[in-house]
1. Does Pro101 satisfy the criteria of being open to solvent by 20 Å² or more (accessible area, probe 1.4 Å) and touching a helix residue (DSSP H, G or I) at 6+ places or on another chain (Cβ under 6 Å)?
2. Given the conditions (1) touching a helix residue (DSSP H, G or I) at 6+ places or on another chain (Cβ under 7 Å); (2) closer than 20 Å to Phe203 by Cα, report the number of the one that Ala162 does not fulfil.
3. Right, Leu70: within 20 Å of Gly10 (Cβ to Cβ), among the aliphatic types (A, V, I, L, M), buried (at least 23 other Cβ atoms within 10 Å of the Cβ) and in contact with a Cys (Cβ under 7 Å, 6 or more places away or on another chain) or not?
4. Take the residues in region 155-182 that are within 13 Å of Ser215 (Cβ to Cβ) and out of contact with any Asp or Glu (no Cβ under 7 Å at 6 or more places or on another chain), then tell me which one is surrounded by the most Cβ atoms within 10 Å (Cβ to Cβ).
5. Out of the residues in region 141-182 that are part of a loop (DSSP other than H, G, I, E, B) and among the β-branched types (Val, Ile, Thr), which is farthest from the chain's Cα centre (by Cα)?
6. Only residues that are small (Gly, Ala, Ser) and closer than 27 Å to Lys58 by Cβ: list them for region 90-137, please.
7. Show the residue pairs that are 6+ apart or on different chains and have beta-carbon atoms under 6 Å apart, the first residue being within region 1-27 and buried (at least 23 other Cβ atoms within 10 Å of the Cβ), the second being polar (S, T, N, Q) and assigned to a strand (DSSP E or B).
8. What are the residues in region 292-310 that are surrounded by 12 or more Cβ atoms within 10 Å (Cβ to Cβ) and assigned to a loop (DSSP other than H, G, I, E, B), if any?
Amino acid sequence: MQLILAPMQGLCDDIMRDLLTRIGGYDECVSEFVRITHTVHSRQTWLKYVPEIANGNKTFAGVPCTVQILGSDADNMAVNALEAVRFGADKIDLNFGCPAPTVNKHKGGAVLLKEPELIFQIVQTLRQRLPAHIPLTGKMRLGFEDTSRALECAAAIAEGGACRLTVHARTKVEGYEPPAHWDWVRKIREAVAIPVTANGDVFTLQDYIGIKAASGCDSVMLGRGAVIRPDLARQIKQYERGEAVKETDFAEVAGWINLFFDLCLAKEANNKYPVARLKQWLGMMKKEFAQAQDLFERVRAVKEADEVKRILVAFEEELKSDMA
């Protein structure tokens, strides 16, 4: 059984990957996509999006990180992938699932699911040009508007030479609206000769048990559920090891929030980035934790990082005092 942290653009950057893999439970994580257009990226650009490259392709906690790229020009994608490898990347993932309209408009992500022949060409080109020891994987949705070409697209990725396929069990048009169609992951898994990872709507331990049963997959990718409930992967690993599953309390979460904010400050010591990232995260966690709603309200109108930090420290102390 393998748990993978999903490549969520604008949400799971290197700081979130760092934090969540420290909390535990993950066997691997995947970077936000690096978009490939007409340029060849420099080492600085690769390290901007995937700083783990400079740390042996591992997060601070030692969890392997895969570099994901997105584009439609097979030749330039191959050139860029080779550059990433030259700078230290040791695994490449191809994005055929991003639903963002801007990305799709420029022929990237899920729009390619309309053209399985192009998907095959991209995967085959990269597999032929990358060194044999560099794993090449792919991630797809079930289709653009419907599932009519899902099996064809999955076959294109597998026959092009990818060694693993992750399936987000929705179409592009469905976006992130429930439900995810876990039965379709099983159909794809049974149709291709490479391992398949199931992805979509895993917000609880019971969801994890459900997606495994419905898909038949032995690996699962966690997305938004991992951010909303930061200990979800840890719970799943406890379950898989036959241990008592212990859900976190918010006092522990408050410590993680403080660490996250400190990591954001260390990355970019201005007010905008750390404050915006914190509010984004709290805005998601408040769906699960009433205390996150409370903390969100306390920082909602605050713009200065120093003041936000003061509020976070005081909030954590309140929780510890309440538990004493």
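The values are calculated or read from the model by the stated rules, or taken from the named source; none is laboratory data. None of these values were measured; they are calculated from a predicted model. A quick note on method: Cβ atoms are made from the backbone with ideal geometry, for glycine too, and the neighbour counts reach across all protein chains shown. SASA here: full protein model, heavy atoms, side chains in, ligands and nucleic acids out. Shrake-Rupley method; radii C 1.70, N 1.55, O 1.52, S 1.80 Å.
1. No; evaluated as a whole, the condition is false for this residue.
2. (2)
3. Yes: the conditions hold for Leu70.
4. It comes out as Val167.
5. Among residues in region 141-182 that are part of a loop (DSSP other than H, G, I, E, B) and among the β-branched types (Val, Ile, Thr), the one farthest from the chain's Cα centre (by Cα) is Thr147.
6. Gly97, Gly109, Ala132
7. Pro7/Gln68
8. Val302
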